[in-house]
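Novice: Submitted below is the structure of interest, expressed as structure tokens.
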């Protein structure tokens, strides 16, 4: 959330930011509502002050008639306050709804564009495999090796359902455990986060109100998060941290749930786009400094690049355009892995920073060296998601005989160098 003072003083900048992000919000209407809010609050404060002055006079009055007259005037003040406070509540409801729609200001380096088609490649790494045989896609490979069952997954879950089984399940565990060790060496605190969270935490991260259609909701009107970013940001909500504690670095593991609203007909085969998955998420809270945010943004994204490089999977990194940024994001990188079966790159990770946009909503602050209260800056980046990474891994490392060669860094975690029809499915 942006500071209303900043919005009032920089309305042209905020309007341009909304245009760049393809966000429709009436900034002039917001400022008009803010004027109403200020005026009503001033009237309320004035009447309360008068009411207090009159109340203080009552003990000094000598006659009951004088006291009765003064008490009567207090009644008029109470009635006026009741009406004004009701007006203020109505204005504040509209004001809050508009404030929640105001986007953060994108960095000057963010390119223009309406969709991910305008994202700019800034890096590519690795050599794409050249097969001397007819390669299979991950669906055929994993079915042949009894690593997945889509038919029974659909029977149990419905559309986009799946069971990972045998080496498919073991490979996922191996990736989780390797990622835990890999990112743990970078001094993250490990966390397993609750994925059912209250609505205010989704408003805090900016997933509500705009992403409501993509969230699962419970009978208690809570939501299932599509990323551990949501509960991890809520961990320090309404707290004032000590500056010496910063940066806070968390590696949060959780199941994740997304309805994939609006994506019917897209990626209906396989593990590319599923409703239920697992993810390790990097979350950082740092001091309120643009330079610090930029530093950690580059660091978090590089962490995931290094992880992918250790698996020797070809990838590229893209800078997201304005139209592909979320409401609160200042800047975002996506890492995309090469998928031989489709001959295209597929997103595996996003790294974003928000300045104090999220922290204002969560009320996460600290006191700087001068003792001034500041809102922290927040960042997050996917460490690794499963099962999507299995798509690129099995396709890039498939062999002519239908087996899958395992990246060397995963061998100690999986306990085998190759997945084949004849291998045992035990750790």
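The values are calculated or read from the model by the stated rules, or taken from the named source; none is laboratory data. This is a predicted model, so every value here is computed, not measured. Cβ coordinates were reconstructed from backbone atoms using ideal geometry, including for glycine residues, and neighbour counts include every protein chain displayed.
Novice: Just to check your reading of the model, which residue among 413, 366 is touching a strand residue (DSSP E or B) at 6+ places or on another chain (Cβ under 6 Å) and either over 24 Å from residue 227 (Cβ atoms) or crowded, with 17+ Cβ neighbours inside 10 Å (or both)? I'd like the intermediate steps shown before the answer.
Specialist: Numbers: 413 fails: touching a strand residue (DSSP E or B) at 6+ places or on another chain (Cβ under 6 Å).
The unique qualifying residue is 366.
Novice: Moving on. From the set of residues in the range 3-35 that are under 23 Å from the mean Cα position of the chain (by Cα) and outside any helix (DSSP H, G or I), which is surrounded by the most Cβ atoms within 10 Å (Cβ to Cβ)?
Specialist: Across the range 3-35, the extreme among qualifying residues is 21.
Novice: Does residue 269 satisfy the condition of being closer than 30 Å to residue 160 by Cα, touching a residue at least 60 places away in the same chain (Cβ under 8 Å) and assigned to a loop (DSSP other than H, G, I, E, B)? Break it down stepwise before answering.
Specialist: Working: closer than 30 Å to residue 160 by Cα: yes; touching a residue at least 60 places away in the same chain (Cβ under 8 Å): yes; assigned to a loop (DSSP other than H, G, I, E, B): yes.
In short, yes.
Novice: Would you point out which residue out of 204, 184, 168 is touching a helix residue (DSSP H, G or I) at 6+ places or on another chain (Cβ under 8 Å) and farther than 20 Å from residue 326 by Cα?
Specialist: On the way: 204 fails: farther than 20 Å from residue 326 by Cα; 184 fails: touching a helix residue (DSSP H, G or I) at 6+ places or on another chain (Cβ under 8 Å).
One residue alone meets the criteria, 168.
Novice: Could you tell me whether the range 221-231 includes any residue that is assigned to a strand (DSSP E or B), at pLDDT 95 or above, surrounded by fewer than 22 Cβ atoms within 10 Å (Cβ to Cβ) and over 20 Å from the mean Cα position of the chain (by Cα)?
Specialist: No: zero hits.
Novice: Of the conditions (1) in contact with a helix residue (DSSP H, G or I) (Cβ under 8 Å, 6 or more places away or on another chain); (2) in a loop (DSSP other than H, G, I, E, B), residue 210 clears all except one; give me its number.
Specialist: With respect to (1) in contact with a helix residue (DSSP H, G or I) (Cβ under 8 Å, 6 or more places away or on another chain); (2) in a loop (DSSP other than H, G, I, E, B), residue 210 is out only on (1).
Novice: Out of (1) surrounded by 21 or more Cβ atoms within 10 Å (Cβ to Cβ); (2) in contact with a helix residue (DSSP H, G or I) (Cβ under 9 Å, 6 or more places away or on another chain); (3) assigned to a helix (DSSP H, G or I), the odd one out for residue 296 is which?
Specialist: (2)
Novice: Before we move on, is residue 236 at pLDDT 95 or above and in a loop (DSSP other than H, G, I, E, B)?
Specialist: Details: at pLDDT 95 or above: yes; in a loop (DSSP other than H, G, I, E, B): yes.
So residue 236 fits the description; yes.
Novice: Looking at the range 74-90, is at least one residue at pLDDT 95 or above, within 16 Å of residue 7 (Cα to Cα) and either touching a strand residue (DSSP E or B) at 6+ places or on another chain (Cβ under 7 Å) or part of a helix (DSSP H, G or I) (or both)?
Specialist: Checked against the condition, which is being at pLDDT 95 or above, within 16 Å of residue 7 (Cα to Cα) and either touching a strand residue (DSSP E or B) at 6+ places or on another chain (Cβ under 7 Å) or part of a helix (DSSP H, G or I) (or both), the range 74-90 yields no hits at all.
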